[in-house]
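Report on one structure; see the data block that follows.
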Amino acid sequence: MQIRYFTLGMAFLLLTGVVGAADAKTLRMHCKGGETFTDGVETNIDTDGDGHSAVVSQGIETCNIGKFFVVEESDFIHQPTVTTCPAGTTDELHIDATQGQHRAVATDEETGEQFFFKVTSATLCAQFATFPFLATSSSQLEIIGGTGKYAGATGTSKAHFTGSYLQFGCKGGAGPCGGFAQFTFTSDGTLTLPNAGNGQED
């Protein structure tokens, strides 16, 4: 079976930073949300050259500082053997400093301003033996800038998600394969805005 790649979200968000300049502002963030994705649709993004396209997902994230529309792109690397995932896992996938990649944009629903983030490390544990295929993941994320008040934003966060395929199939019985899936997530961290003025921390 062709290995499919959950995105993480995982939105998976946000961050840990320290107040720097006098006009910087550090926000403690707690977020939760949900996303959907369809894989098996050619995206023409294959950053690791393994023949599998990256996956794009989108969803809504509700944080203590506002609501965001999130779009993510990720390219996980399949590990040949299961080493760190729990019993019952059929497939283990990773992103770290040397393999795989992830990029995402969160758009503030109130202002339209955006911040950008990426996964710096993640482990995805999936069960592809019986349908519905279930998956869980833990990830570390890093904020890498943005627009408007999020320009120059920095920070890190930890995120956790669970998800499952709602539909899955393969052309000709052998592939290429793909499906439609969902996941929900929570994240905790901090976001540092370098040009936020001297307002009170949220």
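At a glance:
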item: Exclusive hit being within 28 Å of LEU191 (Cα to Cα), modelled with pLDDT of 75 or more and hydroxyl-bearing (Ser, Thr, Tyr), set SER53, SER74; result: SER74
item: Sole exception among (1) at positive phi; (2) touching a Leu at 6+ places or on another chain (Cβ under 9 Å) for GLY66, by number; result: (2)
item: Subset of the stretch 80-120 that is open to solvent by 40 Å² or more (accessible area, probe 1.4 Å) and not in a loop (DSSP other than H, G, I, E, B) - its residue that is farthest from PHE161 (Cα to Cα); result: GLN114
item: In the stretch 115-167, the residues that are aromatic (Phe, Trp, Tyr) and within 17 Å of the chain's Cα centre (by Cα); result: PHE115, PHE116, PHE117, PHE161, TYR165
item: Single residue of the stretch 47-79 satisfying the filter (open to solvent by 60 Å² or more (accessible area, probe 1.4 Å) and in a loop (DSSP other than H, G, I, E, B)) that is farthest from SER157 (Cα to Cα); result: GLY51
item: Answer residue from the stretch 22-46, given it is closer than 20 Å to SER164 by Cα and among the β-branched types (Val, Ile, Thr) and is most open to solvent (accessible area, probe 1.4 Å) among those; result: VAL41
item: Given (1) at positive phi; (2) touching a His at 6+ places or on another chain (Cβ under 9 Å), index of the condition SER137 fails; result: (1)
item: Total residues in the stretch 158-196, condition modelled with pLDDT under 90, of a type outside the set (Lys, Arg) and not in a strand (DSSP E or B); result: 7
item: Inter-residue pairs, beta-carbon under 7 Å, first aromatic (Phe, Trp, Tyr) and in the stretch 176-193, second crowded, with 24+ Cβ neighbours inside 10 Å and part of a strand (DSSP E or B), 6+ apart; result: PHE183/GLU35; PHE183/PHE161; PHE183/GLY163; PHE185/GLY33; PHE185/ALA159; PHE185/PHE161
item: Tally of residues being surrounded by 22 or more Cβ atoms within 10 Å (Cβ to Cβ) and out of contact with any Asp or Glu (no Cβ under 7 Å at 6 or more places or on another chain) across the stretch 155-164; result: 4
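This table checks each residue for (1) surrounded by fewer than 21 Cβ atoms within 10 Å (Cβ to Cβ); (2) in contact with a Gly (Cβ under 8 Å, 6 or more places away or on another chain).
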{"position": "PRO132", "(1), (2)": "yes, no"}
{"position": "ALA135", "(1), (2)": "no, yes"}
{"position": "LEU166", "(1), (2)": "yes, yes"}
{"position": "LYS171", "(1), (2)": "yes, no"}
{"position": "PHE185", "(1), (2)": "no, yes"}
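The values are calculated or read from the model by the stated rules, or taken from the named source; none is laboratory data. Source: prediction; values computed, not measured. Positions of Cβ are backbone-derived with ideal geometry, glycine not excepted, and every protein chain shown enters the neighbour counts. These accessible areas exclude ligands, DNA and RNA; they are computed on the full protein's heavy atoms, side chains included. Shrake-Rupley method; radii C 1.70, N 1.55, O 1.52, S 1.80 Å.
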